[in-house]
Amino acid sequence: MHATTALLIELGAIILALGIIGRFAERIGFSPIPLYLLAGLAFGHGGLLPLAASEEFVATGAEIGVILLLLLLGLEYTASELVTNLKTQYPSGIVDFVLNALPGAVAGLLLGWGPVAAVVLAGVTWISSSGVIAKVLGDLGRLGNRETPVILGVLVIEDLAMAVYLPILSAILAGLTLSGASLTLLISLGTVGIVLYLALRHGRIISRAVSSENPEMLLLVVLGLTLLVAGVAQELQVSAAVGAFLVGIALSGEVAEGARNLLTPLRDLFAAVFFVFFGLNTDPAAIPAVLIPALILAVVTTATKIATGWYAARRADIRPAGRWRVGGTLVARGEFSIVIAGLAVAVEPRIGPLATAYVLILVILGPLTARFTDPIAARVTRRRTRVTRPSEPAPEPAEAAPTQG
């Protein structure tokens with residue numbers, strides 16, 4: 001069969017399957033993300049029917065999916081709101097790092113894989129999946145909830161921290177000298193700082209330059225600018241996802257609203273491709289050997305992420321039900337964890353299967369905890385209210401009305 005023909009057949013089958021899975025998930029009121037992942041796992045490397053012809057195309061589509069997820073997330077908020085979140089949420093970011101990086105680092109040492117593996121696994125367990133969480137918030141209709149800025153504040157701190165962590169990790173893995181690692185870190189921080197400055201000081205100018213009354217032109221300019229900035233950011237050792245998020249932050253007003261309407265269908269398509277691609281690149285045969293350590297890490301870091309969300313929401317004066325929603329939503333791990341593990345597999349090959357199993361567990365569990373922490377919190381709150389509410393005194397009998405003679 002001709003290569004192009006095979007590509008079209010496989011790609012058409014993938015998209016059709018995504019549509020059927022999405023409709024099924026919508027009918028049962030369930031997030032389609034875990035189903036996309038399981039479908040990729042079934043038809044990927046070591047699965048029932050490996051898809052070879054479309055692998056490269058799907059990989060590119062997956063990258064675009066992450067970029068569009070973060071772009072649409074950035075379009076929800078302005079640069080000033082971003083800075084306010086960073087100023088108010090940085091204590092939550094510190095708690096997030098301590099509670100969630102520590103289990104991974106301890107696991108790397110207990111497994112006997114050495115300090116480099118400990119640094120790698122600390123990053124794998126620390127970073128929540130902005131892509132998965134953005135999709136879940138949209139699926140559950142929570143983008144306008146009062147607690148959503150708290151979630152985004154924690155995610156933004158994590159994503160920006162990657163601009164520091166990834167260059168340091170790359171330097172450690174490559175055995176660079178202190179001067180070489182410092183130069184890479186300075187380039188990364190400088191890039192983030194410049195983009196933030198342009199978004200804060202000249203966001204209106206950027207929006208006017210991008211603006212167009214023709215939807216086609218607006219779509220092409222916004223999408224092209226986003227991909228360009230994401231690529232440059234990646235080249236400068238800054239995450240492409242961070243670059244896309246900052247582009248969304250830089251756009252505001254009618255431009256942001258128009259871009260949201262135009263790009264939402266594209267985001268949904270390529271985001272689905274991303275989750276399928278993640279499953280396609282996971283060999284089911286490699287999972288059983290690392291399943292127990294991955295499960296232990298998943299249980300521990302699910303609890304620590306929920307604790308992080310509770311703390312962050314309490315600082316923002318969110319009610320208890322909202323605190324549970326924040327914690328449950330932050331559980332998912334995904335694209336960053338896989339990127340981190342991918343950098344380290346040459347140094348410690350066992351990290352790859354462990355990180356894959358761990359992320360697969362939490363990328364399936366994350367949408368579930370995001371959905372079901374709310375009713376669980378409501379039940380706990382009702383029970384606590386019934387137990388702690390003081391018993392009301394019995395009403396006094398009404399006085400008899402005086403008779404008139």
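What follows draws every value from the coordinates through simple rules; no lab data is involved. Bear in mind that the values here come from a model prediction, so they are computed numbers and not experimental data. We place every Cβ from the backbone using ideal geometry, glycine too, and count neighbours over all the protein chains shown.
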| query | In whole Hz, what ³J(HN,Hα) sequence does the range 141-151 give by Karplus (6.51, -1.76, 1.60; θ = phi - 60°), x for Gly and Pro? | reply | x, 10, 4, x, 5, 5, 7, 4, x, 5, 4
| message | Between A13, A307, A233, where does the largest GNM mean-square fluctuation fall for the chain, given springs only between Cα atoms within less than 10 Å? | response | A13
| task | Please identify every one of the trypsin sites (Lys or Arg not before Pro) in the range 122-223 that sits in a loop by DSSP and has no more than 16 other beta carbons within 10 Å of its own beta carbon. | result | R146
| task | Note down the relative contact order for the range 1-145 as a percent, whole number, built from C-alpha pairs under 8 angstrom at least six residues apart. | result | 18 percent
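Below 8 Å, C-alpha to C-alpha, sequence gap of six or more: please give me the relative contact order for the chain in percent.
Taking the mean separation of contacting Cα pairs over the length of the chain, I get 27 percent.
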| For Rg/Rh (Cα atoms, Kirkwood Rh), the choices are [x] 1.01; [y] 0.97; [z] 1.05; which was calculated from the structure? | [z]
| Given 0.36 nm per residue, what is the gain on full extension from V98 to Y197 after removing their alpha carbon distance, in nm? | 32.8 nm
| query | Once the Cβ-Cβ distance between L86 and I296 is put in as r, and R0 is 22 Å, what FRET efficiency do you end up with, to the nearest 0.05? | reply | 0.10
| request: Among the GluC sites (Glu not before Pro) in the range 184-275, which ones are in a DSSP loop with at most 10 other Cβ atoms within 10 Å of the Cβ? Mind listing them? | output: E213
| task | Calculate one ³J(HN,Hα) per residue across the range 336-347 by plugging θ = phi - 60° into the Karplus curve 6.51 cos²θ - 1.76 cosθ + 1.60, and present them in order as whole Hz with x for glycine and proline. | result | 5, 4, 5, 4, 4, 5, x, 5, 9, 5, 5, 7
| Between the range 219-288 and the range 69-137, how many Å separate their Cα centres? | 18 Å
| In debye to the nearest 20, how big a dipole does the chain give about its Cα centre with +1 on each Lys and Arg Cβ and -1 on each Asp and Glu Cβ? | 1140 debye
| Where a ≥ b ≥ c are the square roots of the eigenvalues of the C-alpha gyration tensor, would you call the range 206-278 rounded, which needs a/c under 1.5, or, failing that, prolate if a/b is larger than b/c, or oblate? | oblate
| field | Karplus-derived 3J(HN,Hα), 6.51/-1.76/1.60, for each residue of the range 311-319, Hz, glycine and proline x | value | 5, 5, 6, 5, 5, 8, 6, 7, 5
